[in-house]
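Novice: Here you go, one structure.
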Amino acid sequence: MREKFSTIYQRAADRKGGQRELERMLVAPLEHQALCEIPDDRWLAAFSQKVFQSGISWQVVRKKWPGFEEVFWGFDIDKMLLMPPEMWEEKATNPAIIRHLTKVMTIPHNAEMIHRVQQSHGSFSQFVADWPSEDIVGLWQYLKKHGKRLGGNTGAYTLRRMGKDTFLFTRDIEHYLRATKIVDSGRETKRAMQAAQQAFNEWQQESGRSLNHISQLIAFSVGDNRV
């Protein structure tokens, strides 16, 4: 059963020391224009970093990231598309980065995805910015289908990090959606995605809040993050 947003909000406020402290903790998405202005190479860098963080300490990846930026020429899309296979294999052995050929090979694949979107929408940032929040799971599915290793939470976490308004399927969010019987199937099934999207759309209409805020508030209202 879907709870009213006001109930979720009050429970989160009670757990986090009041409304003022709760509001201070919330992270807002970027405005549409600010999102449009992000250079497309930053999307490739962000997708690549999140791919490498999967199964590896995030801190280790962040520490090594300047090496990635240097080795891959700032993730310049055009340069990535011109590199022959043997050069990718060579770069995957560079000690300045985390040497993992399979993950390195996601970079040209995702560069191709971004390039195709540029041809049809002008820029990848414009494409993401224009994608309607009421179907954000559709954007997750697009990244999974057309990108490499961008399924699961990888694509959604990258969108959040870059400023796109999105909810997340974190452990706390999934537990809450199952406990309230909003989701009752595998998390990446079409049925689960649509049920979650519908619930978030209704909370958004009820509250006027961003998906970012609603997602964070649900997480703050449940789980092991009490203060």
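Novice: Normalise the Cα radius of gyration of the stretch 162-207 by 2.2 N^0.38 Å (N = residues in it) and let me know the number.
Specialist: Values: Rg = 10.7 Å, N = 46, 2.2 N^0.38 = 9.4 Å.
Rounded to two decimals, the normalised Rg is 1.14.
Novice: Here's a follow-up. Of all the accessible heavy-atom surface of the chain, with the other protein chains kept in place and a 1.4 Å probe, what percent is carbon and sulfur?
Specialist: Working: 5830 of 11500 Å².
Roughly 51 percent, rounded to a whole number.
Novice: What's the FRET efficiency of Arg161 with Asp135 using the Cβ-Cβ distance as r and R₀ = 25 Å, to the nearest 0.05?
Specialist: Values: r = 20 Å, r/R0 = 0.81.
E between Arg161 and Asp135, to the nearest 0.05, is 0.80.
Novice: At each listed q (0.19 Å⁻¹), what is the log10 of I(q)/I(0) that the Debye formula gives for the stretch 117-213 modelled as equal alpha-carbon point scatterers?
Specialist: -0.94
Novice: Identify all lysines with a Cα-Cα distance to Lys145 below 20 Å; exclude those on the same chain that are fewer than 8 residues away in sequence.
Specialist: Lys145 reaches Lys50, Lys103, Lys164, Lys190.
Novice: Turning to a different aspect of this structure: How far is the Cα center of the stretch 145-186 from the Cα center of the stretch 122-139, in Å?
Specialist: Here the answer is 16 Å between Cα centres.
Novice: Using the heavy atoms of the protein chains alone and a 1.4 angstrom probe, what is the accessible area of the stretch 1-110 per residue in square angstrom? Numbers along the way, then the final one.
Specialist: Working: 6150 Å² over 110 residues.
Here the residues of the stretch 1-110 average 56 Å² of exposed surface.
Novice: Using r as the Cβ-Cβ distance of Asp76 and Gln205, and R0 as 45 Å, what FRET efficiency do you calculate, to the nearest 0.05? It would help to have the intermediate numbers written out before the result.
Specialist: Numbers: r = 41 Å, r/R0 = 0.92.
Given R0 = 45 Å and the Cβ-Cβ separation, E is 0.65.
Novice: Suppose a student asked you for the relative contact order of the chain, using Cα pairs under 8 Å spaced at least 6 residues apart; what percent would you report?
Specialist: On the way: 256 pairs, mean separation 68.6, N = 227.
Result for the chain is 30 percent.
Novice: Hey, another quick one. Go through 92-105, 197-210, 20-33 and give me the packing order, highest mean Cβ count within 10 Å leading.
Specialist: On the way: 92-105: 15.1, 197-210: 16.9, 20-33: 13.0.
Those peptides, ordered most packed to least, come out 197-210, 92-105, 20-33.
The values are calculated or read from the model by the stated rules, or taken from the named source; none is laboratory data. Quick caveat: nothing in here was measured; it's all calculated off a predicted structure. Backbone-built Cβ (ideal geometry, glycine too); neighbour counts: all protein chains shown. With ligands, DNA and RNA removed, areas are computed over all heavy atoms of the protein, side chains included. Shrake-Rupley method; radii C 1.70, N 1.55, O 1.52, S 1.80 Å.
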